[in-house]
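Have a look at the structure below, then the notes.
The values are calculated or read from the model by the stated rules, or taken from the named source; none is laboratory data. Fair warning: this is a prediction, and the values are worked out from it, not measured in the lab. Glycine gets a Cβ as well: all are built from the backbone with ideal geometry, and neighbour counts include every protein chain shown. Side chains are part of the model used for accessible areas, which takes the heavy atoms of the whole protein and leaves out ligands, DNA and RNA. Shrake-Rupley method; radii C 1.70, N 1.55, O 1.52, S 1.80 Å.
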Amino acid sequence: MTPSARLSPIPTEIVDAFRAVAPAVEGFARAHALLIDRYRRAKPAWELRFARRLGGQAVLTISYRERTGHVMDVSATWWVDDLATRTRRLRSEKIGVFDRRAAADTLVQQLGTGLATVDRWIVSDLGAPHGPYAAMAGEPASELSLR
């Protein structure tokens with residue numbers, strides 16, 4: 001039997017958790033020209049994506065921590081793909097943990113810290129190339145705002 005290609009629906013408690021912080025996250029994304037990708041590949045996370053002037057793409061990720069439900073993890077990632085060799089170099093860092101009982105401004109501050117962190121990274125901060133990957137997936141930089 002072939003597995004279904006359809007993604008699982010997002011559980012109500014996860015949707016409710018993001019609904020509570022949506023105005024703050026959407027306002028931050030608008031202010032910084034970031035593309036919001038909600039529940040990419042049915043993951044319990046929102047990603048705020050952008051292209052970097054130094055090359056590649058970056059993302060601030062807000063992940064619902066399913067074991068506890070009352071916290072969300074905030075992380076930052078930047079990667080650069082080499083299409084000729086089908087490899088990727090990246091840097092990732094956990095920015096913090098947002099307790100959903102705190103004010104949404106706390107999450108906005110963490111997102112600001114994540115954005116500042118990515119903006120400080122330079123090419124030599126990227127890790128060693130990984131791959132090769134059969135298919136390099138990702139959004140073309142033209143669809144993302146350039147920072």
Given the criteria of a type in the set (A, V, I, L, M) and over 11 Å from the mean Cα position of the chain (by Cα), does A45 qualify? no
Tell me whether the range 88-105 contains one or more residues that are farther than 30 Å from Y133 by Cα, in a helix (DSSP H, G or I) and either of a type outside the set (V, I, T) or in contact (Cβ under 8 Å) with a residue 24 or more places away in the chain (or both). yes
If you check every pair at least six apart or on different chains, which have Cβ atoms under 9 Å apart with a residue in the range 1-30 that is at pLDDT below 75 first and a residue that is open to solvent by 80 Å² or more (accessible area, probe 1.4 Å) second? L7/R41
Tell me yes or no: at least one residue of the range 116-128 is closer than 23 Å to V21 by Cα and touching a residue at least 24 places away in the same chain (Cβ under 8 Å). yes
If we keep just the residues of the range 66-87 that are more than 22 Å from H130 (Cβ to Cβ) and in contact (Cβ under 8 Å) with a residue 24 or more places away in the chain, which is most open to solvent (accessible area, probe 1.4 Å)? E66
